[in-house]
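Below you'll find the structure, written out as structure tokens, and then a few comments.
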Amino acid sequence: IVPVDSLLFLWFPDTSVQTLGLEVGINYGQIANNLPSPARVSYLLRSLNISRVKLYDADPNVLLAFANTNVEFIIGLGNEYLQNMTDPIKAQNWIQQRVQPYLTRTKITCITVGNEVYKTYDHQLWSNLLPAMQTVYNTLVNLGLDKQVTVTTAHSLDILSVSFPPSAGAFRQDLGEYLHGILNFHAQVKSPFLINAYPYFAYKDKPNEVPLNYVLFQPNQGTMDPNTNLKYDNMLFAQIDAVYSAIKAMGHTDIEVRISETGWPSRGDENEVGATPENAGLYNGNLLRRIEEKQGTPAKPNVPIDIYVFALFNENQKPGPTSERNYGLFYPDGTPVYNIGVQGYLPELIYSSATTNNGFSISSLLVLAIAYLISS
């Protein structure tokens, strides 16, 4: 018998704290060197009743850890893959190696081909985006997977040249020819148009002009769209309707807009006004309440907003200003960064140097046991 000098502890919060239980998705970024294992993350997310996860890659460790959990995944093809994905053979190889083997046990529902491509000003990427999306989709069709997995891409909000009033929303002229083809693709394959929308940026850039309550979903006077007489009490809903208007201006009324990223940083540099735990808690907490109430935007009141919050964890290796490393709802140890009325359970492992006769460490066996128990 191998002496076990480590135990597995589960920390359960006060039972009065509610779990999410909402139709909200979460972005699970991994640009960090201190994150818990995917098996532990799987437990945390299901303790929060979060059933939709967006990845920026197709990490097999994550997809395996969530096997048999009914958690739906959006997986990502990074911008560095776009040129290869215009080649049908390379696209098929990628799908057969990185997607197909996991589909029997892990629910992969969408592939994002590229992320914020038009923010790069790399015209080769611009040109490759639509062909890559088409090739990936055609490969899914050929493999009989297109009914399970859809194809889209995610855009930053600066693809708009006009965002207010929402009814006047319009895409940038230099993107017109590219977006026209992409919108036709969405209409053809019935996939959503994804936007990464951050009212935080608007407030940070013009804190004296943008009312803080308006961007935080707090009570405020709101603003009126003079063309429609629709009143907006928060910026995010105005941004969503501006995207709908821009799509309509290009001849489409049958494409759904979804928010693939939105969030608020809890820390920032001196010039990053508003990046505080209090504001982050208000933004995400109020947003979750809007989702729970199944609210639509003023222009689409009967279409509940579909949102993936950014992000699950603070990521300590992300480049850029301090805010980039502080968008997480949770610290890597599973404790909340701020209080939005929800808390989950992250199994804590205390590692042992003891090993079994076949060479497995006791802690490795515990991880395997957890992964088995929570996926069964």
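Remark on the chain: ratio of C-alpha radius of gyration to 2.2 N^0.38 Å is 1.04. Summarising the amide proton neighbourhood of Arg52: residues at separation of 5 or more, or on other chains, whose placed amide H is nearer than 5 Å comprise Ile26, Glu72. In the calculated pair-distance distribution of the range 203-262, the portion above 16 angstrom amounts to 54 percent of the Cα-Cα pairs. Estimated from helices alone, the mean residue ellipticity of the chain at 222 nm is -9500 deg cm²/dmol (sum of -39500 (n - 2.57) over DSSP H runs with n ≥ 4, per residue).
For a quick check: with amide H placed at 1.01 Å from N, whose amide H comes under 5 Å from Val162's, ignoring anything fewer than 5 positions away on the same chain? Long-range HN contacts for Val162: Ala170. What lysines sit close enough to Lys147 to cross-link, taking a C-alpha to C-alpha distance under 25 Å and skipping anything fewer than 8 places away on the same chain? Cross-link targets: Lys54, Lys90, Lys107, Lys190. Take the Cα of Ala67, go 7 Å toward its beta carbon, and the backbone nitrogen atoms of the range 75-111 under 17 Å from that spot belong to 97-108.
On a per residue basis, the range 25-330 carries 42 Å² of accessible surface, using protein heavy atoms and a 1.4 Å probe. For the range 70-82, putting each phi into the Karplus relation 6.51 cos²θ - 1.76 cosθ + 1.60 with θ = phi - 60° gives couplings of 6, 7, 8, 10, 9, 10, x, 10, x, 4, 5, 8, 4 Hz, in residue order, rounded to whole numbers and with x for Gly and Pro.
With all protein chains in place and a 1.4 Å probe, the accessible surface of the range 25-330 carries 47 percent carbon and sulfur.
The values are calculated or read from the model by the stated rules, or taken from the named source; none is laboratory data. This one's a predicted model, so the numbers in the text were calculated from it and none came from an experiment. Cβ atoms come from the backbone with ideal geometry, glycine included; neighbour counts cover every protein chain shown. The accessibility values were calculated without ligands, DNA or RNA, using every heavy atom of the protein model including side chains. Shrake-Rupley method; radii C 1.70, N 1.55, O 1.52, S 1.80 Å.
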